[in-house]
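See below for the structure under consideration.
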């Protein structure tokens with residue numbers, strides 16, 4: 001039984017340390033992240049904006065597939081969990097190997113073995129007695145750690161670079177931890193606010209008031225150049241700070257960030273409409289004003305008219321579901337319900353500002369529902385301007401920044417520092433210099449050649465004078 005569990009543990013370890021698994025997971029995560037940039041995520045997007053862009057069916061499909069909240073979907077979290085396990089296992093495996101490499105000391109290599117190195121340099125002649133001291137001092141000036149063993153000089157530097165890629169792996173785990181902290185304890189939302197509104201945040205001991213907002217156009221153009229909103233932080237009934245925010249210039253206070261995100265007319269959220277009400281025989285009752293999600297009473301008829309919704313650009317799906325194609329006043333319509341004094345609904349209908357749409361709808365409604373007790377027409381509409389604010393709190397951000405800093409550090413160490421080792425064997429008639437570098441870095445060949453030339457210029461080897469033949 002113990003052998004069986006050991007085999008399962010070995011198989012799991014092999015699976016989670018697989019490079020193939022890492023490549024597949026990274027590819028899938030990158031693909032989902034790309035989709036998340038193409039499809040607006042629901043934290044910062046209103047439902048009506050989804051319907052306007054994709055239609056009701058498209059929006060329902062996206063929501064069912066969790067594509068409007070990719071980074072909180074079960075499949076993205078599952079991939080991230082697998083990737084975290086894969087990265088942790090790979091980091092542990094590689095860190096163990098790096099530690100063994102770190103503990104492995106340089107050892108004596110006979111001259112015959114040194115001559116077979118790719119980088120080898122031989123000085124022949126009479127070797128002076130203080131050659132080891134001079135060579136050792138030269139190598140130390142070049143940053144090498146030097147020791148002697150059996151008349152052989154052993155020099156090395158940057159052995160610690162082996163841990164560079166381990167720092168990179170550990171830093172990725174730190175970034176993931178930072179993201180998890182934000183996911184568990186952070187806050188993200190999108191707020192539609194009007195002038196004078198006060199925004200209260202869950203868990204915060206302060207509120208933010210929208211004092212005013214405006215847009216700036218390009219010169220001689222109606223194209224918007226910038227949106228600006230003036231926000232005031234209120235704490236203990238006192239105004240603490242006031243700042244004008246714009247795109248990429250948020251207000252930051254106590255860990256919360258307020259970004260300028262949108263601007264426009266809030267037709268669907270706060271439209272104020274004027275409706276003309278008629279009896280079934282065509283007699284006009286009068287004009288009345290109501291707002292979305294509210295309504296008005298008609299005392300002469302003892303009825304209540306509820307304004308359910310306003311669509312600036314009315315359209316119907318194939319399933320006859322109403323939605324707004326755009327946020328412009330192309331085909332404005334208002335949904336109306338009429339109730340009697342006992343709260344019994346008498347009718348419901350759409351009222352339009354375009355006469356041809358009103359006639360078409362009333363004809364279709366009469367054909368389906370029969371004669372209706374009242375007719376309603378849309379004769380006027382107004383709506384306040386709104387500013388759209390992205391509000392975030394990212395407690396994991398410092399952790400993520402710390403992780404990214406060490407990712408850069410690990411990559412720099414891995415790319416620009418390579419463990420170098422040099423053996424110098426000093427004997428009576430020659431000096432053999434050999435060296436190696438991890439990953440066979442090409443630039444080491446030039447460095448090694450320069451070291452050999454510098455050792456030769458030390459004058460530690462003298463060549464015998466040629467004998468005269470008479």
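Coordinate-derived values only; no laboratory data. Here the structure is a predicted model, which means the values were calculated and not measured. All Cβ positions, glycine included, derive from the backbone under ideal geometry; neighbour counts span all protein chains shown.
Structure data summary
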| quantity | calculated |
| --- | --- |
| Helix 74-103 vs. the chain, principal-axis angle (Cα, 0 to 90°, nearest 10) | 10 degrees |
| Gap separating the Cα centres of region 337-381 and region 7-36, nearest whole Å | 58 Å |
| Relative contact order of region 269-383, defined on C-alpha pairs under 8 angstrom at six or more residues apart (%) | 28 percent |
| Cα pair distances of region 269-383 binned at 5 Å [whole percent] | 2, 11, 23, 27, 20, 12, 4, 1 |
| Calculated on alpha-carbon atoms, Rg and Dmax of the chain in Å | 38.3, 145 |
| Net lengthening on full extension, residue 300/residue 108 (0.36 nm per residue, minus Cα-Cα) | 58.2 nm |
| Sites residue 280 and residue 330 - FRET efficiency at Förster radius 30 Å, r taken between beta-carbons, to 0.05 | 0.50 |
| Nearest 10 degrees, 0 to 90: helix 131-141 Cα axis against the chain principal axis | 10 degrees |
| Hull shadow area, averaged, region 6-127 [alpha-carbon convex hull, nm²] | 15.1 nm² |
| For region 288-354, the spread of Cα positions along each principal axis, largest first, Å | 36, 25, 19 |
| Theoretical ellipticity at 222 nm over the chain - DSSP helices of four or more residues, -39500 (n - 2.57) apiece, nearest 500 | -12000 deg cm²/dmol |
| Order of 210, 424, 334 under a 10 Å beta carbon neighbour criterion, fewest first | 210, 334, 424 |
| R0 of 22 Å, Cβ-Cβ distance residue 122-residue 458: FRET efficiency to nearest 0.05 | 0.90 |
| Computed E for residue 428/residue 99 - FRET, C-beta separation, R0 60 angstrom, nearest 0.05 | 0.90 |
| Of every Cα-Cα pair in region 341-443, the percent that sits beyond 25 Å | 69 percent |
